[in-house]
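The values are calculated or read from the model by the stated rules, or taken from the named source; none is laboratory data. None of these values were measured; they are calculated from a predicted model. For neighbour counting, all protein chains shown are included, and Cβ atoms are generated from backbone atoms with ideal geometry for every residue, glycine included.
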Amino acid sequence: MRQTSNNREGDDPMNIENRVRQLLLPVFNPPSIEDIKPEASLVNDLGAESLDFVEIIYLIEREFGVVLQPDEIMSGATSESPESMFREGKLTEVGAAVLNTQFPGHAERFAEGMTKRTMYLSITVRDLALAIEARIQRGEPRA
């Protein structure tokens, strides 16, 4: 497994986003990196399926040394407890507010009562980069 350095210079947000786009090239096989836009939804725009998420998470861990669990991609980017984010499998009011702040771009993209499945449909390339950046900034496990 590739060892990543603790060099923070490579961890700036734009660099992380571009590195994520590069990582996604072999997963989705577009003609060029320009076809993997930061605002593209992994599922709705790029066609990701469940096995693609397994591969993406593996590639992220290998490239960035950051461990992301599939069910933590969105909520793992925050410091909120899972109990305050979700109740009975649905996003709480607090969770929606936190995610709308953490993942800006679409006004009120996350709403109270939203299921995890619905959330996953909206995950973008930029969201992945932001989740990685949050993990790195909090000093969470790096390979």
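General remarks:
- Answer residue from segment 2-18, given it is closer than 14 Å to residue 66 by Cα, not in a loop (DSSP other than H, G, I, E, B) and not charged (D, E, K, R) and is modelled with the highest pLDDT among those: 16
- Residue within segment 80-93 that is in contact with a helix residue (DSSP H, G or I) (Cβ under 8 Å, 6 or more places away or on another chain), under 16 Å from residue 128 (Cα atoms) and at pLDDT below 95 present: no
- Flag: residue 112 matches the condition of being more than 20 Å from residue 41 (Cβ to Cβ), in a loop (DSSP other than H, G, I, E, B) and at pLDDT 90 or above.
- Some residue of segment 50-64 being surrounded by 19 or more Cβ atoms within 10 Å (Cβ to Cβ) and modelled with pLDDT under 85: no
- The single condition among (1) modelled with pLDDT of 90 or more; (2) surrounded by 13 or more Cβ atoms within 10 Å (Cβ to Cβ) that residue 73 does not meet is (1).
- Condition met for residue 27 (more than 16 Å from residue 125 (Cβ to Cβ) and modelled with pLDDT of 75 or more): no
- Any hit, segment 94-106, residues being loosely packed, with under 14 Cβ neighbours inside 10 Å, touching a Lys or Arg at 6+ places or on another chain (Cβ under 9 Å) and in a loop (DSSP other than H, G, I, E, B): yes
- Residue check for residue 139: assigned to a loop (DSSP other than H, G, I, E, B), out of contact with any strand residue (DSSP E or B) (no Cβ under 9 Å at 6 or more places or on another chain) and modelled with pLDDT of 75 or more: yes
- Filtering segment 19-32 to residues that are more than 19 Å from residue 130 (Cβ to Cβ) and either outside any loop (DSSP other than H, G, I, E, B) or in contact (Cβ under 8 Å) with a residue 40 or more places away in the chain (or both) leaves 25, 26, 28.
- Residues being assigned to a loop (DSSP other than H, G, I, E, B), more than 12 Å from the chain's Cα centre (by Cα) and on the phi < 0 side of the Ramachandran plot - total across segment 41-62: 6
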